[in-house]
1. Test of understanding: among Glu284, Glu269, Glu246, which residue is open to solvent by 30 Å² or more (accessible area, probe 1.4 Å), more than 20 Å from Lys132 (Cβ to Cβ), of a type outside the set (S, T, N, Q) and at pLDDT 95 or above?
2. For region 68-90, enumerate the residues that are open to solvent by less than 10 Å² (accessible area, probe 1.4 Å) and out of contact with any Lys or Arg (no Cβ under 9 Å at 6 or more places or on another chain).
3. Restricting the search to region 166-196, which residues are of a type outside the set (Lys, Arg), in contact with a Phe, Trp or Tyr (Cβ under 8 Å, 6 or more places away or on another chain), in a strand (DSSP E or B) and more than 19 Å from Leu82 (Cα to Cα)?
4. With respect to Val169, is the statement that it is surrounded by 18 or more Cβ atoms within 10 Å (Cβ to Cβ) and over 30 Å from Ser77 (Cβ atoms) true?
5. Does region 231-254 hold any residues that are more than 22 Å from the chain's Cα centre (by Cα) and closer than 23 Å to Lys197 by Cβ, and which are they?
6. May I ask you to list the residues in region 108-120 that are over 18 Å from the mean Cα position of the chain (by Cα) and surrounded by 23 or more Cβ atoms within 10 Å (Cβ to Cβ)?
7. Restricting to region 251-309, and then to whatever is of a type in the set (Gly, Ala, Ser) and not in a strand (DSSP E or B), can you tell me which residue is farthest from Val217 (Cα to Cα)?
8. Condition first: among the charged types (D, E, K, R), open to solvent by 30 Å² or more (accessible area, probe 1.4 Å) and not in a loop (DSSP other than H, G, I, E, B). Can you find one or more residues in region 206-218 that meet it?
Amino acid sequence: MNEKINQIDKELLNEVSNIDNLTKGAYNIRKNGEGIERKGTENVDIITKTDKPGIDIHVKENAKFEWIHIPVIITESGLNDLVYNDFYIGKNANVVIIAGCGIHNDHHHDSRHDGIHRFFLEEGAKVKYIEKHYGEGKGNGKRILNPITEVYLKDGSSMEIESSQIKGVDSTIRETKGELGANTNFVVSEKIMTAGKQLAKTVFDVQLKGENASTHVTSRSVATEESKQVFVSKIYGNSKCFAHSECDAIIKDQARVTATPEITANNVEANLIHEAAIGKIAGEQLIKLMTLGLSEKEAEEEIINGFLK
């Protein structure tokens, strides 16, 4: 691996992208605002943008079972990194894309990464997109992550997003936008845990435009101590379509969670559902685990880990 990658870098890469699998398939590693290592494949081209920071990823038509890793790591305190990545997925292609950002900040200035990712899927294309966010470091400088994901699905295509905020992120605003054509499917699953005075805000905005388009948005989160979480889901049914939005949260200590659903049916055959549940850990769950010999703290951790699986 590149000589610019030290032990701290490797640990960050392992958290967000599984370093053992990183070099399998196509990949692009970005560190402290610049690309430091890259590899394409026969079916995947990665090209540096000429007008702004970022890359264009082109996946050829009918490409199957391609893996693409695009991790970002930041170890420089006080850095504000902005990147634009565009993905062009060819007709009937089937790929897995693993992204994510890890920030190590040992100093007193804030470190921030804003990633704007746009996905353009041709007819029949399938994408699984995995994104992990992680922060660490002994300094009191904040670790800030603000991802924006835009998804454009042509007829018969589908995309699945698995998003998780592992720990250590002081502030994040996560925006996901989707425009769905006919017979498309868009599935989003996010998992977030906050502590201290951390803030996490998630905003979904999905437009179901084509007939028989469908989406399923699920958010599971745990808020502890004095942290705050905000979940906003906006879904617009503009044709015969189906949508299900679900927010489940566990709250502890002085934490706060707000869930705001907004579903709009612009067609008589739009079927839109939203569910939200926010509450503390049930006492009977704790008691059941404590009778097995776990302490109250261990029982809480067991329940939280199971909830976020």
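The values are calculated or read from the model by the stated rules, or taken from the named source; none is laboratory data. Only a predicted model underlies this, so the values are computations on that prediction, with no experimental measurement involved. We place every Cβ from the backbone using ideal geometry, glycine too, and count neighbours over all the protein chains shown. What goes into the accessible areas is simple: the full protein's heavy atoms, side chains included, and nothing from ligands, DNA or RNA. Shrake-Rupley method; radii C 1.70, N 1.55, O 1.52, S 1.80 Å.
1. Glu269
2. Hit for region 68-90 is Ile68, nothing else.
3. Ile166, Gly178, Glu179, Leu180, Val188, listed by residue number.
4. The answer is no for Val169.
5. Of everything in region 231-254, those that are more than 22 Å from the chain's Cα centre (by Cα) and closer than 23 Å to Lys197 by Cβ turn out to be Lys252, Asp253, Gln254.
6. Ser111
7. Among those that are of a type in the set (Gly, Ala, Ser) and not in a strand (DSSP E or B), it is Gly293.
8. There is no residue in region 206-218 that is among the charged types (D, E, K, R), open to solvent by 30 Å² or more (accessible area, probe 1.4 Å) and not in a loop (DSSP other than H, G, I, E, B).
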